[in-house]
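Visitor: Just passing along the structure, written as structure tokens.
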Amino acid sequence: MKKRSFIKIFFYGFISVFFPFKISAIEKKIINPNLTEEQKKIMFGEGTERAGTSELNFEKRKGSYHCANCNAKLFESVSKFDSGTGWPSFNEALPGAFKTKVDYSFGMKRIEYHCAKCGAHHGHVFDDGPGQNGKRYCNNGLCLIFIPE
């Protein structure tokens, strides 16, 4: 890694730790009143659930995964795989399901993704997944609803 890149990542990580405020349009977003406080914290405070706590890690049936806030269809079950990370993981999202942004929290550069319909935070996408595109969508299970076929 070049020294300049390291300094940039370190700087943004440092800033995000000591100045954790984010300019957010949470007041403008429609939030499902049936969400739990933990779901709201993850989806609109860009939090993360504890690894290994989602029942969706063990879901093997055919079906689709939807946003827990707005019910937008995000993933098909055929794209789900066991990444060993403790979060439901997918190698492909449905076209147009997400919008992304760069996240420098924790002193590193990551790509964060949000539901394109309602803006709810779902997780991060990495370039270490299986399949042709090599993507791993690491999703918070509390942000998803599974609908079996």
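The values are calculated or read from the model by the stated rules, or taken from the named source; none is laboratory data. Please read these numbers as outputs of a predicted model, since none were measured by experiment. In this analysis, Cβ positions are derived from the backbone assuming ideal geometry, glycine residues included, and neighbour counts consider all displayed protein chains. When the accessible area is computed, the model is the full protein with side chains, heavy atoms only, and any ligands, DNA or RNA have been set aside. Shrake-Rupley method; radii C 1.70, N 1.55, O 1.52, S 1.80 Å.
Visitor: For the range 53-105, rounded, prolate or oblate, judged on the Cα gyration tensor with a ≥ b ≥ c (square roots of eigenvalues), a/c < 1.5 rounded, else prolate if a/b > b/c?
Guide: Numbers: a/c = 1.66, a/b = 1.17, b/c = 1.42.
Oblate, because a/c is 1.5 or more while a/b does not exceed b/c.
Visitor: Residue 46: accessible area at probe 1.4 Å, nearest 10 Å²?
Guide: It works out to around 40 Å².
Visitor: Amide H to amide H, which residues 5 or more places from residue 74 or on other chains are under 5 Å from it, using H placed in the peptide plane?
Guide: 65, 66, 67
Visitor: Determine which aspartates and glutamates satisfy two conditions relative to residue 40: a Cα distance under 13 Å, and not lying fewer than 8 residues away in the same chain.
Guide: Qualifying aspartates and glutamates at Cα under 13 Å: 27, 49.
Visitor: Further, regarding this structure: For residue 37 and residue 58, FRET efficiency with R0 = 35 Å and r from the beta-carbon atoms, rounded to 0.05? Don't skip to the end; give the middle numbers.
Guide: Values: r = 24 Å, r/R0 = 0.70.
Once rounded, the FRET efficiency stands at 0.90.
Visitor: If you take the alpha carbon radius of gyration of the range 28-149 and divide it by 2.2 N^0.38 Å, what ratio comes out, to two decimals?
Guide: On the way: Rg = 13.3 Å, N = 122, 2.2 N^0.38 = 13.7 Å.
Dividing the Cα Rg of the range 28-149 by 2.2 N^0.38 Å gives 0.97.
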